[in-house]
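S.K.: Below: one structure in structure tokens.
The values are calculated or read from the model by the stated rules, or taken from the named source; none is laboratory data. Worth saying up front: this structure is predicted, and the values here are computed from it rather than measured. Don't worry about glycine lacking a Cβ; one is built from the backbone with ideal geometry, like all the others, and counts go over all protein chains shown.
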Amino acid sequence: MSEKVLMKGNEAIAEAAIRAGCRHYFGYPITPQTELAAYMSKRMPKIGGVFLQAESEISAINMVYGVAGSGKRVMTSSSSPGVSLKQEGISYIAGSDLPALIVNVQRGGPGLGGIQPSQSDYFQATKGGGHGDYHLIVLTPASVQEMADLTSLAFDLADKYRVPAMLLADGTTGQMMEPVELPEEKTVSVDKPWAVTGTGMKRKHNIINSLYLQPDELEKMNFERFERYKLIEENEVRYESYLTEDADIVVVAFGIAARVSKNAVNEARRQGIKAGLVRPITVWPFPKKALADLSKTAKGFISVELSMGQMIDDVRLAINCSRPVALCNRAGGMIPSPDEVLDSIKKMQEGI
Amino acid sequence: MTTEILIAGFGGQGVLFAGKFLAYKGLIENKQVSWLPSYGPEMRGGTANCSVILSDEPVGSPIVSKPYILMAMNLPSLDKYEKDVLPGGLIFVDSTLIERKVTRSDVKVFYIPSTALAAEIGAPTLANMIMTGKVIKECDGISSENLEAALGKVVSARHADLKDINLKALQTGMDYAG
């Protein structure tokens, strides 16, 4: 077991990426994720890696596209406005079936918004922020330890399924320091016969492309891709269940909202209210079945979000609107307090 | 046991550094810890604060909205956070910079002229560590051990020569009987 160190969430992502074998980072500074780029700028030159501050986010994501085509582990990071700029490139990467990691340390929006934490890019991350039919595997860390662990996992899943993965964090998890046990350095040897690495005059050359002018061919690509998405939905759903077994009220929250909600659930239990928490760790694929199962016993659900209510749609769909779903939210960089979540739990308790 | 601490003052007073020191000390003592800075468009002279949680159990929300300990390094911080402190909590006031008294009667208050004491010991930038020393002395949940080890983690190798003066500042705070 390696020693626990205190690290900022942003730095933990960077170090975990390096230990997962990522040697290519392209980015552009933006609060509240800049520590990630700064860390990469210090470390990459020392280990023979590439740190490149591009002239824009658009440029950075296209550099990611290029390296991903060569089969190397590659990433970029930004915060909300910057991630919007990357959407075209992300769609191309998805359309070319390439693995890559995109980190979004979210801040309040829309527009330039603010620099305080937010979760209002949920729709963009889970419903396809760019054009066309595609999904990202979206992981949502709630602690600095998970910033590290899920970064490592994101690279593995992206390689396994040949899809881009996104780490959907927020300003709080990016800026806070907690003890973290960093994953061991690993040597990655994923077979990538599709990669553009030079033929050595021994094989037919590979082509990385997202352009298919024949509609039947493009349709076939889409169908094939969605077969893989189906596998991901079957095998890669991750979530934490906390005190849900006998829960009348199930709070659903991810990231920092889940940390706050856990405090509220504990306090509700102390006051005799049977509350529980489901914390999605993947928001795509979404833990639909877990919530559907709970809807048989629970009387109501509360979606706690740092947005005007986005994940709440997925909660309603997961349980087929069979139970009331309330929203407890703050927006624009504000974070609901445990008391606000507790009030929401009590209100629902009275109504059911 | 969980101790929630809010440290607040001007940017440049070492608010974040003091928090890091306490967090690292907790880590060394096998506690669960979190450290969360305010990260607005702050700069030297602006306001800065940080939330530190030391606990025997996993830390839930890292945001300290009801501190058990408030370290107020300037007047705006005391004005803003005095009302949030838990009943029975502790408020530490830099009495060099804050002239007014704490108005609440349900908390324990310590007035430490940290800024003046720091100047006296020849370390004018270490009012933060003097106040931290006083916190260590007065708070049952925070031991007076592992000071050097924790300093070793937060003072960079490049500035290793500053460890002694930091230790002296901590000691000055611990010895201050006010």
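Table: residues versus (1) closer than 30 Å to residue B:154 by Cβ; (2) among the aliphatic types (A, V, I, L, M); (3) within 12 Å of the chain's Cα centre (by Cα); (4) not in a loop (DSSP other than H, G, I, E, B).
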{"site": "A:110", "(1), (2), (3), (4)": "no, no, no, no"}
{"site": "A:138", "(1), (2), (3), (4)": "no, yes, yes, yes"}
{"site": "A:147", "(1), (2), (3), (4)": "yes, yes, yes, yes"}
{"site": "A:154", "(1), (2), (3), (4)": "no, yes, yes, yes"}
{"site": "A:166", "(1), (2), (3), (4)": "no, yes, yes, yes"}
{"site": "A:174", "(1), (2), (3), (4)": "yes, no, no, yes"}
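S.K.: While we're looking at this one, here's another question. Please go through region A:56-76 and give me each residue that is out of contact with any Phe, Trp or Tyr (no Cβ under 8 Å at 6 or more places or on another chain) and surrounded by 24 or more Cβ atoms within 10 Å (Cβ to Cβ), ordered by number.
M.R.: Result: A:68, single match.
S.K.: Is one or more of the residues making up region A:113-135 touching a residue at least 40 places away in the same chain (Cβ under 8 Å), assigned by TED's automatic domain parsing to the domain that holds residue A:194, surrounded by 21 or more Cβ atoms within 10 Å (Cβ to Cβ) and touching a Pro at 6+ places or on another chain (Cβ under 6 Å)?
M.R.: no
S.K.: Would a scan of region B:22-31 turn up a residue that is under 18 Å from residue A:145 (Cα atoms), of a type in the set (Gly, Ala, Ser) and within 11 Å of another protein chain (Cβ to nearest Cβ)?
M.R.: Among the residues of region B:22-31, at least one is under 18 Å from residue A:145 (Cα atoms), of a type in the set (Gly, Ala, Ser) and within 11 Å of another protein chain (Cβ to nearest Cβ), which makes the answer yes.
S.K.: Additional query: Suppose the filter is hydroxyl-bearing (Ser, Thr, Tyr), out of contact with any strand residue (DSSP E or B) (no Cβ under 8 Å at 6 or more places or on another chain) and either more than 14 Å from chain B (Cβ to nearest Cβ) or part of a helix (DSSP H, G or I) (or both); does residue A:25 pass it?
M.R.: no
S.K.: Would you check which residues across region A:333-352 are within 14 Å of chain B (Cβ to nearest Cβ), assigned to a loop (DSSP other than H, G, I, E, B) and surrounded by fewer than 16 Cβ atoms within 10 Å (Cβ to Cβ) and list them?
M.R.: A:334
S.K.: Being touching a residue at least 12 places away in the same chain (Cβ under 8 Å), within 13 Å of chain B (Cβ to nearest Cβ) and of a type in the set (Lys, Arg) is the requirement here; does residue A:323 meet it?
M.R.: Criteria not met by residue A:323.
S.K.: On to the next question. Looking only at region B:57-79, which residues are over 20 Å from residue A:338 (Cα atoms) and touching a residue at least 24 places away in the same chain (Cβ under 8 Å)?
M.R.: B:71, B:72, B:73, B:74, B:75, B:76, B:77, B:78
S.K.: Looking for something more than 12 Å from the chain's Cα centre (by Cα) and crowded, with 24+ Cβ neighbours inside 10 Å - is there at least one such residue anywhere in region B:11-25?
M.R.: yes
S.K.: What about residue A:318, is it crowded, with 23+ Cβ neighbours inside 10 Å, at pLDDT 95 or above and out of contact with any strand residue (DSSP E or B) (no Cβ under 7 Å at 6 or more places or on another chain)?
M.R.: yes
S.K.: Looking for something surrounded by fewer than 24 Cβ atoms within 10 Å (Cβ to Cβ) and more than 26 Å from residue A:87 (Cβ to Cβ) - is there at least one such residue anywhere in region A:156-166?
M.R.: No, region A:156-166 contains no residue that is surrounded by fewer than 24 Cβ atoms within 10 Å (Cβ to Cβ) and more than 26 Å from residue A:87 (Cβ to Cβ).
S.K.: Test residue A:40 against the criterion of being within 14 Å of chain B (Cβ to nearest Cβ) and at pLDDT 95 or above, and give yes or no.
M.R.: Answer is no for this residue.
S.K.: Sticking with this one: What is the number of the single condition among (1) touching a residue at least 60 places away in the same chain (Cβ under 8 Å); (2) away from chain A (no Cβ under 14 Å) that residue B:83 does not meet?
M.R.: Every listed condition holds for residue B:83 apart from (1).
S.K.: Filter region B:32-53 down to residues that are within 13 Å of the chain's Cα centre (by Cα) and more than 10 Å from chain A (Cβ to nearest Cβ) and give me whichever is modelled with the lowest pLDDT.
M.R.: B:48
S.K.: One residue is enough: does region B:110-118 have a residue meeting the conditions out of contact with any helix residue (DSSP H, G or I) (no Cβ under 8 Å at 6 or more places or on another chain) and assigned to a helix (DSSP H, G or I)?
M.R.: Yes, region B:110-118 contains at least one residue that is out of contact with any helix residue (DSSP H, G or I) (no Cβ under 8 Å at 6 or more places or on another chain) and assigned to a helix (DSSP H, G or I).
S.K.: Out of all the residues in region A:44-59, is one or more of a type in the set (Lys, Arg) and assigned to a helix (DSSP H, G or I)? I'd like the intermediate steps shown before the answer.
M.R.: Going through region A:44-59, the residues of a type in the set (Lys, Arg) turn out to be A:46.
Those still in the list that are assigned to a helix (DSSP H, G or I) too: A:46.
Yes: one or more hits.
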